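Here the structure is laid out as structure tokens; the discussion comes afterwards.
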Amino acid sequence: MRKTSLRLILILLASTTVVSALAAGGVRYKWRDAEGNLHYSDSLPADANVYGYDMVSAQGIVVKHVPPAMTPEQRAASKSEAAAALSAKGEAERQARDDQQLLAANPTEADLLNSQSQQIEMIEQQVKSLETGLQSLERSLTDLLGRAADLERENSPVPARLTGQIADVRSKIDAQHKQLDRRQTEREKATRGFAEELDRYRALREKYKPH
């Protein structure tokens, strides 16, 4: 709030200075042309905004500076920088909220470790369930393939129903493998993430530790 008020006061003072100088009739313009030559004049050339200029009082004091107009490339760069700054600010605010929540949800390191252990255990149970289901499907496939092989050895046609069952079980096995891979990847990612979270937690506790 104080910074905003100070900025407003400075703007008002600057505006007052310009108005006073204009009222006194002593303002001249200082500007440089395309070759960089310095000029003083009572009026501005048509392309003054391209290079920028200063308004100078009778005492030679610059009462207002008008910067050069930005090129399309400069405007694009400025816009990109502003967007990056806004994104960085948002990320910093998000991180601060996450840090506060981390500390509030885990009064002690033991609380955090217990929470992480429970989450890992839940993923482990999902992995084991998928592995058990996969073993069951593979046994079913072995049985179906054995029945089909028996028929072929007897030179009997394999019924369409049996062929369909084999294809269905193979499809389920493939889907089960993909689910299992996802859960195992999730477990590995969680383990790495929890290690980083613990390091962050310890750093925060050290930062806010009473001295």
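The values are calculated or read from the model by the stated rules, or taken from the named source; none is laboratory data. In this text the structure is predicted, and so the values were computed from the model without any measurement. With ideal geometry, Cβ positions are generated from the backbone for all residues, glycine too; neighbour counts draw on all protein chains shown.
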Quiz item: Of all residues in region 157-169, which are within 44 Å of the chain's Cα centre (by Cα) and surrounded by 15 or more Cβ atoms within 10 Å (Cβ to Cβ)?
Solution: 169
Quiz prompt | Residue list for region 102-116, restricted to those being surrounded by 12 or more Cβ atoms within 10 Å (Cβ to Cβ) and either in contact (Cβ under 8 Å) with a residue 24 or more places away in the chain or hydroxyl-bearing (Ser, Thr, Tyr) (or both) | solution = 102, 103, 106, 109, 112, 113, 115, 116
Self-check item: Residue among 206, 197 that alone is touching a helix residue (DSSP H, G or I) at 6+ places or on another chain (Cβ under 8 Å) and within 30 Å of residue 108 (Cα to Cα)
Solution: 197
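Check 182, 170 and return the single one that is touching a helix residue (DSSP H, G or I) at 6+ places or on another chain (Cβ under 9 Å) and part of a helix (DSSP H, G or I).
On the way: 182 fails: touching a helix residue (DSSP H, G or I) at 6+ places or on another chain (Cβ under 9 Å).
Result: 170 is the single residue among 182, 170 that is touching a helix residue (DSSP H, G or I) at 6+ places or on another chain (Cβ under 9 Å) and part of a helix (DSSP H, G or I).
Which of the residues spanning region 171-185 are surrounded by 14 or more Cβ atoms within 10 Å (Cβ to Cβ) and either in contact with a Lys or Arg (Cβ under 8 Å, 6 or more places away or on another chain) or not aliphatic (A, V, I, L, M) (or both)? Spell out how you get there, then give the answer.
Going through region 171-185, the residues surrounded by 14 or more Cβ atoms within 10 Å (Cβ to Cβ) turn out to be 172-173, 176, 179-180, 183-184.
Once the filter is applied, which keeps residues that are surrounded by 14 or more Cβ atoms within 10 Å (Cβ to Cβ) and either in contact with a Lys or Arg (Cβ under 8 Å, 6 or more places away or on another chain) or not aliphatic (A, V, I, L, M) (or both), region 171-185 yields 172, 176, 179, 183, 184.
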Self-check item: Lone qualifier among 154, 197 - being farther than 17 Å from residue 126 by Cβ, surrounded by 12 or more Cβ atoms within 10 Å (Cβ to Cβ) and not aromatic (Phe, Trp, Tyr)
Solution: 197
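Take residue 195 and decide whether it is modelled with pLDDT of 95 or more and under 23 Å from the mean Cα position of the chain (by Cα). Working first, answer last.
Numbers: modelled with pLDDT of 95 or more: yes; under 23 Å from the mean Cα position of the chain (by Cα): yes.
Yes; evaluated as a whole, the condition is true for this residue.
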